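Here is the structure we will look at.
The values are calculated or read from the model by the stated rules, or taken from the named source; none is laboratory data. Everything numeric here is computed off the predicted structure, so don't read it as measured data. FYI the Cβ positions are ideal-geometry reconstructions off the backbone, even for glycines, and counts take in every protein chain you see. For the accessible areas, the whole protein counts, side chains as well, though only heavy atoms, and no ligand, DNA or RNA atoms are used. Shrake-Rupley method; radii C 1.70, N 1.55, O 1.52, S 1.80 Å.
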Amino acid sequence: MSEYKFLILGGGMVAGYAAKQLVESGLKAGELAILSADNYVPYERPPLSKGLLAGKDTEESIQINPGDFYLKHEIEVRLGCEVSGVDAKGKRLVLRSGEEIGFNKLIVATGAVPRTLEIPGANLLNLHYLRSLDDSKLIRRSADKVKRALVIGGGFIGMEVAAVLAQKSIQVTMVLNEDRLGKRLFTPQMSDFFETYYAGRNVGIVKSAMVTELRGDGAVSAVVLGGGQAIACEMVIAGIGVRPAAQVLAGSGIEVADGVMVNEYLETNQPGIYAAGDVANYQDVLFGKRRRVEHWDNAVSQGQYCARALMGERTPFKHVPYFFSDIFDLSYEYWGDSSGADQIVHRGERSGKSFSVWWLRQKRLVAAFVMSRPDEERDNAPKWIEAKQALSAAKLEDAARPIAVATE
């Protein structure tokens, strides 16, 4: 049985950034192995629905570490590696081949898998889900051959993919099961702005609708909605969410609910075993609640944190949740958690594509959205959320004043 001091189960962003941090923290040759079900060394995922999908980024440019990094530091990376079970108490993983691999400390970073459609026609060709590099490549190849595409879902993936396809001169229709775009993140005013922006770029939006059937002879040719309306298209991309990839932990003794349950140190209920990234359901010490985050920054930060923990550091994981997106010629950022906010302040001019939104609870900042605003707004937002900064809503709303004036 092969044995390693450190083992990472999963070859995504957590693995890439944890490996980099471990090397910087003094990792010795032969101490680390990464078991990846993917076919590529760890890569950045945001470009999959942005630059790589648009053809602006290359496979090499999105690698987290250079191709020779793992060989240079004698880190074993097993690609296409299928793990069938985890023995937490025996500190070993069992591969589908029957091989066993032992570890002293383990990071579970298996990520998430896309939720799939379970409707008639869901087996037709040219229905796509976007999660991996291969998915992005396949969608890009398909996009070169179609004139009409339909995107199911109005979240990050749906909005980004729709924008890229529209810029390829494809007629795009978005189908939302909610009554406005980005409802889980945006205020109604923000939704109005983005819906108008997409409409101005020839993206159709059908709201409060459910896809009930896909039609076609071998490949998709139309999508049928709940009311019977059929929308012609040659390609469908479903961005309907993901679920944590934790099935391999069944029977391991590691606690799993909505993801792998970890404490404020990202430790599971089994000694020496951590979880990070999309699969980790962690105790957020800033907001005093449990959360599982499916975004780039969380994977980066938790991968780096776990690497330091493996090397002996022990401080709670403290991090302001952060999201970003690029759509058409717009880029925006979002920090915090707006749930429970009792006051919302819009700052700037939405018509001019330069505005920010600030969510307050009992006058203290809990979340912020910033798009094309002065650097002081984006710089202060995460610091103020972490500090639970009290703000004046009236002063905050006055975009003519420096943002610093809004503090109380």
* To do: Take the Cβ-Cβ distance between N177 and K289 as r, set R0 to 25 Å, and report the resulting FRET efficiency rounded to the nearest 0.05.
  => 0.45
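Sort the following peptides by mean Cβ neighbour count (other Cβ atoms within 10 Å, averaged over residues), highest first: 143-154, 250-261, 158-169. It would help to have the intermediate numbers written out before the result.
Details: 143-154: 19.5, 250-261: 17.3, 158-169: 21.8.
Result, highest mean first: 158-169, 143-154, 250-261.
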* Gain in span if fully extended, N202 to E3, counting 0.36 nm per residue against the direct Cα distance -> 66.1 nm
* Compute the relative contact order of region 185-295 as a whole-number percentage, counting only Cα pairs closer than 8 Å that sit 6 or more residues apart in sequence. => 12
* **region 74-164: projected area of the alpha-carbon convex hull, averaged over directions, in nm²** => 9.6
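Which FRET efficiency value, to the nearest 0.05, do you get for A394 and D192 by plugging their Cβ-Cβ distance into 1/(1 + (r/R0)^6) with R0 = 25 Å?
Working from the Cβ atoms, E equals 0.60.
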* Between L330 and R215, what FRET efficiency comes out of the Förster formula 1/(1 + (r/R0)^6) with R0 = 56 Å and r the beta carbon distance, rounded to 0.05? -> 0.95
* Asked: Accessible area, 1.4 Å probe, largest first: how do F323, F6 sort?
  -> F323, F6
* Structure fact -> Connecting every pair of Cα atoms under 10 Å apart in the chain and solving the GNM, the largest mean-square fluctuation among N281, N123, N263 falls on N123
* Structure fact -> For the pair E255 and E59, the simple spin-label estimate (label points 7 Å beyond Cα toward Cβ) gives in nm 4.2
* To do: With unit charges on the beta carbon (Lys/Arg positive, Asp/Glu negative), name the residue among V113, I403, L125 whose Cα is farthest towards the positive pole of the charge dipole of the chain.
  => I403
* Structure fact -> So A404 and A387, fully extended at 0.36 nm per residue minus their Cα-Cα distance, gain in nm 4.7 nm
* Structure fact -> Which of Q304, Q362, Q283 fluctuates most in a GNM of the chain (C-alpha springs under 10 Å)? That residue is Q362
* Euclidean distance between Cα centres, region 331-367 to region 158-192, Å -> 20
* Rolling a 1.4 angstrom probe over the protein heavy atoms, how many square angstrom per residue are accessible across the chain? -> 43
* Total charge dipole magnitude, the chain, about the Cα centre, Cβ charges on Lys, Arg, Asp, Glu only, Debye to nearest 20 -> 500
* Sparse-neighbour loop sites [trypsin sites (Lys or Arg not before Pro); region 42-113; at most 16 other C-beta within 10 Å; DSSP] -> K56, K89, R96
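Rounded, prolate or oblate: pick one for the chain, where a ≥ b ≥ c are the square roots of the eigenvalues of its C-alpha gyration tensor, a/c under 1.5 means rounded, and failing that, prolate if a/b is larger than b/c, else oblate.
Details: a/c = 1.90, a/b = 1.18, b/c = 1.62.
The shape class here is oblate.
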* To do: Scan the chain and note any complete DSSP helix (H) whose C-alpha atoms cover at least 20 Å along its axis and whose Kyte-Doolittle average is -0.5 or more.
  => 296-310
* Pop out the carbon and sulfur fraction of the accessible area of the chain as a percent, whole number, probe 1.4 Å. => 46
* Theoretical gain in end-to-end length, D68 to D342 [0.36 nm per residue, Cα-Cα removed] -> 93.5 nm
